[in-house]
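What follows is a single structure, written as C-alpha cells, with notes after it.
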Amino acid sequence: MELSELKKQFEQFLKQKGYKITKSRLDLVDKIASYGTHFEIEDLVMWITSQDRGTASRSTIYRTIRLLQDFGAIREVIKLGNRTIYEFVAGRPHHEHLICVKCGKIIEFSREEIEELQDRVCEEYRFTPINHRLEIFGVCSECSSTV
C-alpha cells in the first residue's frame, strides 16, 4: 500500500473515531514510516524532534503513535525486559522475529511453512485467527562468538 493511500485510510479512521484531522498528525505518518526500523517510542520521539522541532509536540507524537496503533499501522512486536519495541507494519509483509537477549539485535524472517502450520492448527481447532506474532529469544551469532 502506498503511503498516500495509507494516509487517506488513516484520515477516514480518525473521522470515524471522532478525532481531529490535523496537518501535524498526517506529517507524522510520513516521519514515522520513514524511520525504517524497530523502535522504542521515546527513541522515535527524540528522532522526530531532532529532525524538525516544528513538526509536533511530544504529546502530539505520543497520541499519534497510539492512534496509529489503534489503526493497525504500528504494532507492538517485542517485550524485552522493561522495553517495549514497536514497528511500522502498514504495507509491509508479515514476518517474525529473532531477538538476541544479550545485545538486543532483532532479526526479521519469514517462512511460508510456519504460516501454513499455523493455518492448519487454527483449522484443526476451528479457531479464527485475528493476528499473531512469533518471537524467538536467544543469542545471535556475534554474541555467541564472543563467549
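With a Cα cut-off of under 20 Å and a minimum spacing of 8 residues unless on different chains, the lysine pairs in the chain number 14. Each of His95, Phe109, Gly54 was placed along the dipole of the chain (beta-carbon charges, centred on the mean Cα), and the one lying farthest toward the positive end is Gly54.
Per-peptide packing, taken as the mean over residues of other Cβ atoms within 10 Å, places 129-139, 51-61 in the sequence 51-61, 129-139 from highest down. Between the labelled values [x] 30, 23, 12; [y] 45, 16, 14; [z] 31, 19, 10, the entry that holds semi-axes √(5λ) of the Cα gyration tensor in Å as derived from this structure is [x].
When the chain is treated as a Gaussian network with alpha carbon springs shorter than 10 Å, the biggest mean-square fluctuation among Arg92, Arg75, Arg25 belongs to Arg92. Rounded to the nearest whole Å³, what is the per residue volume of the convex hull around the Cα atoms of the range 19-74? Once divided by residue count, the hull of the range 19-74 is 75 Å³. Compared with the dominant Cα axis of the chain, that is its longest principal axis, helix 112-124 is turned about 90°. Taking only Cα atoms, what is the 0 to 90° angle, nearest 10, from helix 58-71's long axis to the longest principal axis of the chain? Long axis of 58-71 versus the principal axis of the chain: about 60 degrees.
Keeping the other protein chains in place, figure out the carbon and sulfur percent of the accessible area of the range 1-126, with a 1.4 Å probe. Spell out each step's value before the answer.
Numbers: 3680 of 7740 Å².
So the carbon and sulfur contribution to the accessible surface is 48 percent.
The distance from the alpha carbon centre of the range 76-138 to that of the range 12-40 is 23 Å, rounded to a whole number. Considering only beta bridges that DSSP places wholly inside the chain, some 75 percent are antiparallel.
The values are calculated or read from the model by the stated rules, or taken from the named source; none is laboratory data. Quick caveat, the model's predicted, so the values are computed rather than measured. Positions of Cβ are generated from backbone atoms using ideal geometry, with glycine treated the same way; all protein chains shown enter the neighbour counts. These area figures cover heavy atoms from the full protein model, side chains too; ligands, DNA and RNA do not enter into them. Shrake-Rupley method; radii C 1.70, N 1.55, O 1.52, S 1.80 Å.
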